[in-house]
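A.B. asks: Would you mind keeping the following structure in view while I ask a few things?
Nothing in this text is a laboratory measurement; each read-out follows from the coordinates by a stated rule. Everything numeric here is computed off the predicted structure, so don't read it as measured data. In this analysis, Cβ positions are derived from the backbone assuming ideal geometry, glycine residues included, and neighbour counts consider all displayed protein chains.
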Amino acid sequence: MFEKIAVVGAGTMGHGIAEVAALNGYVVFLCDISEEILREAIKKIEWSLRKMVEKGKLGNEELTLTLNRIRTTTSLEEAAKDSKLIIEAVPENLELKKGIFSRLDGMTHPETILGTNTSSLPISEIASVTSRPDKVIGIHFFNPPVIMPLVEIVCGDKTSKQTVDSVLTFIKTLGKQFIICRKDVPGFVVNRILEALIQEAAWIVHRGEASMLEVDSAVKYRAKLPMGLFELSDYVGIDVLYSAGKAIQDRDGGVIVSPLFEEYYENGWYGKKSGKGFYTYTGDLWEKPKIPPELADKVNLEEIFAPAVNAAAWLLRNNVVDKEELDKAVILGLNFPEGILQMADKWGIDTLVQVLKIKRSKYGEYYKPDQLLEEMVANNRLGVKTRRGFYEYV
């Protein structure tokens, strides 16, 4: 389908996307602004491939073939030439992305699909600088792309069905699963839910309602998430989550960034990569913060998760995604043990609405329960206890 693809940006996500594509037989031109960045990217790809060999998932011959499929260049023109699919993976800066898309538009075949790996910036605005908005699409891989099974496909206002179908075919050849975010809403599906969850955790700590360790212990040992929310923030990068949260807040107020995130961001405490975030790190690659299980009962899970369920309800009511794909998104994209809608049904929709109403009375309109949740309560669709909620129960 695509004999050659280009990946623009060789950082954390870019080199991972290039590796996934090369592993699955594609010739990949990996482009960045300096030879040094590209050399570092190839080193990381080779390290990752060698780990696969050690684990018996890849043979030495396949390692060599995969590396040989990746070409590096500092020339955008060389990368773009004859590529029918280009995936941009530069830092989350809207003007930077628009500049690259404007250049790509002028140097590629009119049928070339231009994809962006952005996790929260507006696809339609990026597409607006091109003469082919129907061929611009969000192709959001998760970190690390080689391991994470999900790709979030995001439609801009003018993205065509043909473009979506072509990209879905490509994603399937990578052995990945996907969800389709049908509307170009701030944060898309996964980040809109994640930001609502993580920022609420930070607000709870900022307000003195619970400690950081109490929140992380509750979500890790009772909600069974693979990491505490502050632990996850350190792993992803506080700077990354702060920027994504601000992007959503500025566009439609779908989340409110907490002062805690603001403080850590401004101090350069970004998490593992800076040695200090919500926890402190010594530099050991496999180091994990110590989160005591005995603190798990100190905070109600509904208090932490209610705004994320509210965000999920907003996505459903606005026809951005359907419920099965939304739950698939948090399971595969965030490693939740089950879907957030399934979790909500267990807690009780009425319980969550009551939590939101109390928060609204204390802290403002951001916490107003979504109309869908209010209607569910009015119709006695309370979840497992009434055998009807987001799902039906026998």
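A.B. asks: How big is the chain in terms of Cα radius of gyration and Dmax, in angstroms?
C.D. replies: 21.4, 63
A.B. asks: Compute the distance from the alpha-carbon center of the range 227-295 to that of the range 333-362, in whole Å.
C.D. replies: That distance is 22 Å.
A.B. asks: Further question: Quick one: if the Förster radius is 56 Å, what FRET efficiency do Met107 and Thr280 give, using the C-beta to C-beta distance and rounding to 0.05?
C.D. replies: Working: r = 46 Å, r/R0 = 0.83.
The pair Met107/Thr280 has a calculated efficiency of 0.75.
A.B. asks: Sticking with this one: Quick check for me: using +1 on Lys/Arg Cβ and -1 on Asp/Glu Cβ, what's the dipole size of the range 190-394 about its Cα centre, in debye to the nearest 20? Write out the running numbers ahead of the final one.
C.D. replies: Values: 26 positive and 31 negative charges, 65 e Å.
Around 320 debye, computed over the range 190-394.
A.B. asks: Would you mind calculating the gained length between Glu77 and Lys273 on full extension (0.36 nm times residue separation, minus the Cα-Cα distance), in nm to one decimal? Walk me through the intermediate numbers first.
C.D. replies: Details: separation 196, 0.36 × 196 = 70.56 nm, distance 3.25 nm.
Taking 0.36 nm per residue and subtracting the Cα distance, the gain is 67.3 nm.
A.B. asks: What FRET efficiency do you get for Asp297 and Val384 if R0 is 25 Å and r is their Cβ-Cβ distance, rounded to the nearest 0.05? Mind dumping the intermediate values first?
C.D. replies: Values: r = 21 Å, r/R0 = 0.85.
Computed FRET efficiency for Asp297 and Val384 comes out at 0.70.
A.B. asks: Something else: What list do you get for Met148, Met13 if you sort them by fewest beta carbons within 10 Å? Mind showing how you got there, number by number?
C.D. replies: On the way: Met148 18, Met13 23.
Going from least to most buried by this count: Met148, Met13.
A.B. asks: Further question: In nm, to one decimal, how far is the modelled label at Glu35 from the one at Ile147, with both set 7 Å along Cα→Cβ?
C.D. replies: Simple spin-label model gives 3.3 nm for this pair.
A.B. asks: So, one more: Take Trp286, Trp203, Trp47 and order them by how many other Cβ atoms sit within 10 Å, fewest up front.
C.D. replies: Details: Trp286 4, Trp203 21, Trp47 9.
Lowest to highest Cβ neighbour count: Trp286, Trp47, Trp203.
A.B. asks: Right, here's the next one. Less than 19 Å from a label point 7 Å out along the Cα-to-Cβ axis of Val394: which backbone N atoms in the range 320-341 qualify, by residue?
C.D. replies: It comes to no residues whatsoever.
A.B. asks: Quickly estimate the mean residue ellipticity at 222 nm for the chain, helices only: each DSSP H run with n ≥ 4 gives -39500 (n - 2.57), and the total goes over all residues, rounded to 500. Could you put the intermediate results ahead of the total?
C.D. replies: Details: 17 runs with 196 residues, N = 394.
That comes out to -15500 deg cm²/dmol.
A.B. asks: Let me ask you something else. Rg/Rh for the range 190-394 to two decimals, with Rh computed the Kirkwood way over all alpha-carbon pairs.
C.D. replies: Numbers: Rg = 16.6 Å, Rh = 17.3 Å.
With Rg and the Kirkwood Rh in hand, the quotient comes to 0.96.
A.B. asks: While we're on this one: What ranking do 253-260, 240-247, 94-101 get when scored by the average of other Cβ atoms within 10 Å per residue, highest first? Don't skip to the end; give the middle numbers.
C.D. replies: Values: 253-260: 19.5, 240-247: 22.6, 94-101: 16.4.
Peptide ranking by packing, descending: 240-247, 253-260, 94-101.
A.B. asks: Measure off 7 Å from each Cα along the Cα-to-Cβ vector at His206 and Asp322, then give the distance between these two points in nanometres to one decimal.
C.D. replies: A separation of 3.8 nm, rounded to one decimal place.
A.B. asks: Related question: How far apart, in nanometres, would the label points at Lys346 and Ser128 be if each is projected 7 angstrom from Cα along the Cα-to-Cβ direction?
C.D. replies: That separation, rounded to one decimal, is 4.3 nm.
A.B. asks: Please report the projected area of the range 4-181's Cα convex hull averaged over all directions, in nm². Walk me through the intermediate numbers first.
C.D. replies: Values: hull surface 35.6 nm².
The Cα convex hull of the range 4-181, projected and averaged over all directions, gives 8.9 nm².
A.B. asks: For the cross-link pairs Lys44/Lys273; Lys4/Lys57; Lys220/Lys346, which exceed 20 Å when the distance is taken from alpha carbon to alpha carbon? Display every interim value, and only then the final one.
C.D. replies: Working: Lys44/Lys273 16 Å; Lys4/Lys57 25 Å; Lys220/Lys346 17 Å.
Checking Cα-Cα distances, Lys4/Lys57 exceed 20 Å.
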